[in-house]
Amino acid sequence: MKVLLPAFLAVLLAVTGCATATQGGSSTAACPADARDLPLQSLYGRWEARFDGASTTATVRLDKHPEYAGVRGTITRSANGAARPSVAQLAGDVDDEGALSIDESLDGRAISGVWAGTLQPGSCGREFRGTWRNAADESTHPFVLNKTGGTQGNQ
């Protein structure tokens with residue numbers, strides 16, 4: 001049992017992307033300083049997106065991309081007077097500079113928006129901030145992306 005517990009804790013910490021170190025009776029969080037240090041699985045799940053100038057939030061869902069080492073998912077924006085909310089497809093990964101880079105498509109073919117965000121210090125992989133660029137008019141909008149739930153099997 002003593003051997004299994006440390007192994008279980010190591011796996012748990014690797015999956016969450018956050019570890020806690022105890023030194024001399026005090027506990028300090030050791031979160032990745034860069035998104036390149038996060039396990040890809042920590043990006044899976046539900047997120048809340050807030051955009052500057054928007055009064056509502058959007059719901060982002062990210063899962064494992066079936067074709068490459070990245071994420072694929074959707075963003076659902078509230079209706080804002082429309083009959084139903086808009087849903088766009090997302091696909092991306094963490095780029096070589098450590099930024100979360102996501103392409104957004106309203107029709108599944110053309111890119112309608114581009115996300116570029118950085119992991120926030122001390123968030124343990126649960127918050128990214130950056131800029132969303134609207135491909136239709138090239139306008140840019142700051143965003144905050146916060147993790148709100150785990151993967152489908154772990155909500």
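The values are calculated or read from the model by the stated rules, or taken from the named source; none is laboratory data. Every value quoted in this text rests on a predicted model; they were computed, and no experiment measured them. Cβ sites come from the backbone with ideal geometry, for glycine too, and all protein chains shown count toward neighbours.
So if I check each of 77, 50, 84, 36, which one is modelled with pLDDT of 95 or more and not hydrophobic (A, V, I, L, M, F, W, C)?
Working: 77 fails: modelled with pLDDT of 95 or more; 84 fails: modelled with pLDDT of 95 or more; 36 fails: modelled with pLDDT of 95 or more.
Going through 77, 50, 84, 36 in turn, the sole match is 50.
List the number of the failed condition for residue 131; all other conditions in (1) of a type in the set (Ser, Thr, Tyr); (2) over 21 Å from residue 36 (Cα atoms); (3) modelled with pLDDT of 95 or more hold.
(2)
Scan the range 105-129 for residues that are of a type in the set (Asp, Glu) and under 18 Å from residue 146 (Cβ atoms) and report the count. Walk me through it before giving the result.
Going through the range 105-129, the residues of a type in the set (Asp, Glu) turn out to be 107, 127.
Going one step further and asking which of them are under 18 Å from residue 146 (Cβ atoms), we end up with 127.
The number of residues fulfilling the criteria is 1.
Enumerate the pairs (first residue in the range 89-101 and under 15 Å from residue 42 (Cα atoms); second residue anywhere and part of a strand (DSSP E or B) and polar (S, T, N, Q)) with beta-carbon separation below 6 Å, excluding pairs fewer than 6 apart on the same chain, so at least 6 apart or on different chains.
Hits for this filter: 92/101; 99/118.
I'd like to verify a number: residues in the range 87-106 that are closer than 22 Å to residue 138 by Cβ, at pLDDT 95 or above and among the charged types (D, E, K, R), how many?
Counting residues in the range 87-106 that are closer than 22 Å to residue 138 by Cβ, at pLDDT 95 or above and among the charged types (D, E, K, R) gives 2.
With (1) crowded, with 19+ Cβ neighbours inside 10 Å; (2) out of contact with any Leu (no Cβ under 8 Å at 6 or more places or on another chain) as the list, and residue 131 as the residue in question, which single condition is left unmet?
For residue 131, the failing item is (1).
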